[in-house]
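Reviewing the structure listed below.
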Amino acid sequence: MDGHYPGDVGSFEVWDYVVFGGMLSVSLGIGFYHGCTGGKQKTTQEFLLADRSMNPIPVAMSLVASFISAITVLGTPAEVYINGAAFWLFAISYPIVAILVSRLFIPVFFRLNVTSANEYLEKRFNKAARVSGTITFFINMVLYLGIVIYTPALALNAVTHISLWGSVLATGLVCAIYTTVGGMKAVLWTDVFQTCVMMAGFLAIIIEGSSRLGGFGRVWTIAEEGGRIDIWNFNFDPSIRHTFWSVVVGGTFSWLTTYGVNQSQVQRYITTGSVKRARISIFLAAFGMIVVVSMSCFSGLVMYSYYADKQCDPYSSNKVSETDQLVPFFMLDLFGSIPGLPGLFTSAVFSAALSTVSSGLNALAAVTAEDLVKPCFPRMSQERYTLVTKGIALGFGVLSIFAAFVTSFLKQGVLEIAISLSSVTGGPLLGLFSLGLFFPWSNSKGAVVGLICGCSFGFWVAIGSIFYPPYSYKPPLITSGCNITMTTPLTSPFMTTAEADPADRPLITELYTLSYTWYACTFWLVTVTVGLVVSFITGPTKRKDIDPVLRSHCVDGLYCYLPEAIKKPLRCGDDKLVYYEEDEDKDEDVFKVTEDKDVMTSTAM
């Protein structure tokens, strides 16, 4: 099959810029529409929480859009291309995450009626725990937003020659404007639009690439022959990049950090106004995430089969310098001669960036306003408080552009750094909330010390793995059909430091071989273990001193149908439980505390 490559594949034409500009214009238009209608974003209730009146369907699509960052659009197909389709197993973890979040986390945030998830930490522990959680979230989100903005701009600039910093500024400023003007409603509805654009981009790649190869069956056959479908690895070795256990168990913890306690997601649940509607949204989102990860993984298989059929891998033959450039390279190879289609896929990539950045800016504004501004200025008028919150959102938009500039100095491994960063701070943050929700004897000292130790250990392992990369096996790539002179050995793009000279590695570096999929689980475990040990040393909290609404019982939340004789000892002596009833007349939840175990039904919290 004949093919062409950059510089043969062409570059952006007028119609591509028209399509790309149209996507940005629609996003801005949605923001201005919600800024000029309804309550015109004059209260923080409307600006941050959409008046708690959103339908579960757009909220679910927004949850999916937040999941599909530009890193996902570019990184997942490239991951499958290089390492195989084991990443597809993450689809198993999403329903598990939905069940855990819906039963253990969502009810707590609703019965406390919070705007910032970190409000829970102050109620359960103290102000220091809340500030610690806020700072951890800041570090996570600001650095992540910089990577989300910069990575797609860099990848597309290298292949399509779109202006690098023009793309960065466009993404950062458009997000900042429509988030500031339109508030949470604009964020949610632009996410719906952007999700549709992203899905269209994936479909275009899958359909066109498969048709050129002769159908889905041939794609699967070529990928299987190339070792890309070997996903059922049940090895317990934690150093293997992807196994069934690391992806399903480790992946569950990874996504719990995002959908369980991350402010950008908690804020979305709260906009639905009730536990029931929030649960509907998370289960719909789980289904959507399964669809998205399936489409992105199959896009990777199509891309691999396409170049395996040509017998010319563009990565090892130096046609692209980084793996995150594979997808835009493939897009131009398929659609470079069709006006507008490269612009469509570029819009899909930047839509993914816009959805993630806008949700991050709104969440940062909420956390800053509720955790820092309101406590310092309790008598501030509602109008001024809302104006300050909008200014905070705009300020973080500018800061994210600066973070993208800092990211530009990270020359290698940007995608993996982003994945690791989420777990390095997200795992300990999940551990902090877990100490409060599931361990009634934990105290504030243990919570703060546990968080610090979890983050410190996380950064230590993540940074160490950059200098001493884990051992990894990658299935071979084919270059026999490339009509070029190779400038480097074929193995060099895939040879890690660990593989190149293992004898020079100190013994401590074995710690750095831990697969990134286990990061969140490991750092969560460190946080919880240290937190409990410190709590017992400094004096555990007495159960009677904790308001029952601040606890979440796993046994009643997840195993509500078990006989009372079994559940009672598993509650560790708790004599007060919380359940809720939905008031259909008022369309709201009524939470009640009871010592009568018989009232605990399938709605038990």
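For the peptides 375-385, 314-324, 507-517, 231-241, what is the packing order when you average, over each peptide's residues, the other Cβ atoms within 10 Å and list the highest mean first? It would help to have the intermediate numbers written out before the result.
Values: 375-385: 10.5, 314-324: 20.5, 507-517: 17.4, 231-241: 14.3.
Output ranking for 375-385, 314-324, 507-517, 231-241: 314-324, 507-517, 231-241, 375-385.
For the stretch 48-181, what does the relative contact order come out to in percent, with C-alpha contacts under 8 Å and a separation of six or more?
On the way: 46 pairs, mean separation 25.0, N = 134.
It rounds to 19 percent for the stretch 48-181.
Explain nothing, just the number: dipole magnitude of the stretch 230-352 about its Cα centre with +1 on each Lys and Arg Cβ and -1 on each Asp and Glu Cβ, in debye rounded to the nearest 20.
Numbers: 7 positive and 7 negative charges, 144 e Å.
The dipole magnitude comes to about 700 debye.
Which one, V261, P238, G250, projects farthest toward the positive side of the charge dipole computed for the stretch 217-275 from Cβ point charges (K/R +1, D/E -1)?
V261
Expressed as a whole number of Å, what is the distance separating the alpha-carbon centroids of the stretch 423-461 and the stretch 226-265?
Cα centres, the stretch 226-265 to the stretch 423-461: 21 Å.
Between the stretch 288-337 and the stretch 87-139, what is the C-alpha centre distance in whole Å?
36
At a Förster radius of 56 Å, what calculated FRET efficiency corresponds to the Cβ-Cβ distance of T538 and R218, to the nearest 0.05? Mind dumping the intermediate values first?
On the way: r = 64 Å, r/R0 = 1.14.
With a Förster radius of 56 Å, E is 0.30.
Express in Å², to the nearest 10, the accessible area of H34 obtained by rolling a 1.4 Å probe over the protein heavy atoms while all chains stay in place.
The accessible area of H34 comes to roughly 20 Å².
Would you work out which of V148, V187, T221 lies farthest towards the positive end of the dipole of the stretch 136-245? Charges go on Cβ: Lys and Arg +1, Asp and Glu -1.
Farthest towards the positive pole: V187.
Spelling out what I want: for every residue of the stretch 374-384, take phi, set θ = phi - 60°, compute 6.51 cos²θ - 1.76 cosθ + 1.60 (Karplus), and round to whole Hz; glycine and proline get x.
The phi angles translate into 4, x, 7, 10, x, 9, 5, 5, 4, 4, 5 Hz.
Tabulate in residue order the Karplus-calculated ³J(HN,Hα) for the stretch 179-188, using 6.51 cos²θ - 1.76 cosθ + 1.60 with θ = phi - 60°, rounded to whole Hz; enter x for Gly and Pro.
For the stretch 179-188, the Karplus curve yields 5, 5, 7, x, x, 4, 4, 5, 4, 5 Hz.
So what are the ³J(HN,Hα) numbers for the stretch 162-170, from phi and the Karplus equation (6.51, -1.76, 1.60; θ = phi - 60°), rounded to whole Hz, Gly and Pro as x?
Residue by residue, the stretch 162-170 yields 5, 3, 4, 6, x, 5, 4, 5, 4 Hz.
Where the accessible area of the stretch 251-354 is counted over protein heavy atoms with a 1.4 Å probe, how much of it, in %, is carbon and sulfur?
Values: 1310 of 2080 Å².
Carbon with sulfur: 63 percent of the solvent-accessible area.
Express the relative contact order of the stretch 205-339 as a whole percentage, based on alpha carbon pairs under 8 Å and six or more residues apart in sequence. Write down the numbers at each step before the final one.
Details: 72 pairs, mean separation 44.1, N = 135.
That works out to 33 percent.
So for the stretch 55-145, taking the charge dipole from beta-carbon charges (+1 Lys/Arg, -1 Asp/Glu), which of W88, I57, G133 sits furthest toward the positive end?
G133
Roughly what would the spin-label model give for Q382 and A200, points 7 Å off Cα along C-beta, in nm?
Reported label-point gap for Q382 and A200 is 3.9 nm.
The values are calculated or read from the model by the stated rules, or taken from the named source; none is laboratory data. What you see is a predicted model; the values in this text were computed from it and never measured. Cβ: placed from backbone, ideal geometry, glycine included. Neighbour counts: every protein chain shown. Just so you know, the surface numbers come from the protein's heavy atoms only, side chains and all, with ligands and any DNA or RNA stripped out. Shrake-Rupley method; radii C 1.70, N 1.55, O 1.52, S 1.80 Å.
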